[in-house]
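The values are calculated or read from the model by the stated rules, or taken from the named source; none is laboratory data. Values in this document were obtained by computation on a predicted structure and should not be read as measured data. Methodologically, a virtual Cβ is constructed for each residue, glycine included, from the backbone with ideal geometry; neighbour enumeration extends over all protein chains shown.
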Amino acid sequence: MRSPRFALVACLAMALSAHGSDSGMKDPDKGASPTEHKLIGVWEVAKSVDLPRRATGVVEFTKNGKMKVTVKLKDKTLRAEGTYKVEGDKVMYTLTDPNGKKWTETNKIKTLDDKNLILVDEKSQADEFKRK
């Protein structure tokens, strides 16, 4: 395996209209920004530099700021759980793998709509997701 990052990237690992009017402001009635509302759900990895060939990845964002990542390759399944936070056009997350190893990343939300999500990491590598 390459790095723990592939699990999130593989599962998020989001497509937000960068030119949209969403400022990341919280909806006082719902407790979440419009971006967070769009992000909530299950996303399947469509394209990722970090996901090995023949592997599948799924990321689930819940409305309570928690997330789950599952990567399957052949007969092995890797799961990681953690938390996420959306600020403007960025999503920050901390994941913990089954061995207790934690890692934190910040990704820019390049695209986020009802069906697509594209995240760009600090190295300018994009990961694409489709809503499941």
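List of remarks:
- Boolean, residue 123 is over 19 Å from residue 62 (Cα atoms), charged (D, E, K, R) and surrounded by fewer than 17 Cβ atoms within 10 Å (Cβ to Cβ): yes
- Considering (1) more than 16 Å from residue 43 (Cβ to Cβ); (2) modelled with pLDDT under 95, the lone condition that residue 124 does not fulfil carries the number (2).
- Matching strands (runs of 3 or more DSSP E) fully within the stretch 56-111 where at least 3 residues are surrounded by fewer than 18 Cβ atoms within 10 Å (Cβ to Cβ) and at pLDDT 95 or above: 66-73, 76-87, 90-96
- When each of 69, 49 is tested for being within 12 Å of the chain's Cα centre (by Cα) and of a type in the set (Val, Ile, Thr), the lone residue that passes is 69.
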